[in-house]
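Some notes on the structure that comes next.
The values are calculated or read from the model by the stated rules, or taken from the named source; none is laboratory data. Not measured: the values here are computed from a predicted model. In this analysis, Cβ positions are derived from the backbone assuming ideal geometry, glycine residues included, and neighbour counts consider all displayed protein chains. To get the accessible areas, we keep the full protein, side chains included, count just its heavy atoms, and leave off ligands, DNA and RNA. Shrake-Rupley method; radii C 1.70, N 1.55, O 1.52, S 1.80 Å.
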Amino acid sequence: MAGPAQAAGGYDLVVTDVRPVLAGVQATGSRVVLQATIRNVGAVATPAGVVHGVAFAVGGRTVSWQDVSRDALAPGASRTVTATGGPGGVATWTAQTGNHALTATVDDVNRLPRETDERNNSRTATLAVTPVKPVTGVTARPAVTQAQFEAAHPRTLSVSWQVPAGQPAGVSYAVTEIPALDGCPDVPPVAKGDTGGTSLTVEMTAGPQCVSRTEVYRGRYTVTAVGPSGAGEAGTTGQQTCTWSHYDDHYFHHQQTTQFGCDGQPQLTDFVDPVWAFVDAGAPAPSPGWEEDAGFDRGQAFTSTLPGLTPQQVSVRWGWSRYAAPIVASSSTAWTVRLTFVEPTFTARGQRVFDVSVDGRLVADDLDLAATVGRGRPYVLEVPLTNPSDLVQVTATASRDHPIVSTIEVLGY
């Protein structure tokens, strides 16, 4: 703010800027610290050792002041000062919702009586105050790739949200994991951290929960907008539930599975250290308790729409000649090969006929599924196995059309 022409040899103080220390819209209830920039627009320096005081007023009422700046201010020089005191000994103003006139006045109690112009000592700006606003669109999703999950099985999530327009300055966002329990003992909410940004990477810790042989973490996520000191909070609960589970299927399959994902998103799934073979023939990807189709020689995958079958029985491989099923032979003394066959196409006798052998021993001679159980019905063949190697060989030889198989299991007892 420019004043009239200066008298020779005089100093003159003006306020060039007034604002909160934390720039921007202020949060309702926050304790606001104010500051101003003063400048000497006169021809000589201000005297040293005399307080260059500044009073801060909101809506015409003094709320704080600065009374410690005593260094001389050279002609043309500026200095930023911050409130150091106020009514009742408090140097802050408690923000109230609305738009306010913020005024700073330099040399407020006339400690510098030789100032050449006392009419230009104030500057006013608008100070906006609004309550802290809740975030929107809270989402959570795995923060790792399938490859990373297979390598280390982390429980790492990325929780993200959108900040509404007009959010006050200085707001941070605290993420809390709220266990989504299914009849388990109570697990308290877990604080996961806070940030000034719009996302936070966390590790699920609300568990393990409940079932023997199963380690399960299930949680929803709350993001609370936290204002500066004294301001209120606003919380938003995410609607997605995320689950990390580790299942040791020792009794049935002696195999561990691990899964991770959030509602409405693709699951990350891994099979860890299979001791027994549990192959879903024709399946392009693993499913809980089953490995994907692997270890075969030739053939094509096919999935039928026949009713009354399990997901593993609707997928088949036809035209195969050999499956090599890896196991850990030393883990058991008694073994069984369980093969499941489903005929998805033929209905008449003699249309599909083939032989099946396990480790070179013929176990099914001229197997005709349509004649034995009919189309669309599972046929299970169990074969005891003595002293297997770590790679069990199941082979098929066609007599008519192509061999077909749904699942191949090698189980130790």
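List of remarks:
- The GNM of the chain, with springs linking C-alpha atoms under 10 angstrom apart, assigns the highest mean-square fluctuation among Gly76, Gly197, Gly170 to Gly76.
- Once C-alpha pairs closer than 8 Å and six or more residues apart are averaged by separation and normalised to the residue number of the chain, the relative contact order reads 11 percent.
- Net charge of the neighbourhood of Glu343, taken over other residues with C-beta under 15 Å away and scored Lys/Arg +1, Asp/Glu -1, is +3.
- Where the chain is the region considered: accessible area per residue in Å², 1.4 Å probe: 46
- Within the listed set Leu309, Leu34, Leu339, the residue fluctuating most in the Gaussian network model of the chain (springs between alpha-carbon atoms under 10 angstrom) is Leu309.
- The chain, accessible surface, carbon-and-sulfur percent (1.4 angstrom probe): 51
- Once each of the trypsin sites (Lys or Arg not before Pro) sitting in a DSSP loop with at most 15 other beta-carbon atoms within 10 Å is removed, the chain keeps 120-212 as its longest stretch.
- Dipole of the range 251-372, positive end: most advanced residue of Pro286, Gly319, Gly264 [Cβ charges, Cα centre]: Gly319
- Residues Ala301 and Ala165, FRET efficiency given R0 of 51 Å [Cβ-Cβ distance, rounded to 0.05]: 0.50
- Candidates Ala77, Ala301, Ala169: whichever shows maximal mean-square fluctuation once the chain is modelled as a Gaussian network with Cα springs under 10 Å: Ala77
- Rel. contact order, % - alpha carbon contacts under 8 angstrom, at least six apart, the range 24-152: 30
- Helical content of the chain, expressed as a calculated mean residue ellipticity at 222 nm, amounts to -500 deg cm²/dmol (DSSP H runs of 4 or more residues, -39,500 (n - 2.57) each, divided by residue number, nearest 500).
- For Rg/Rh (Cα atoms, Kirkwood Rh), the value calculated from this model appears in (1) 1.36; (2) 1.57; (3) 0.96 under label (1).
- Distance between the modelled labels on Thr124 and Ser229, one decimal in nanometres: 3.0 nm (7 Å Cα→Cβ projection).
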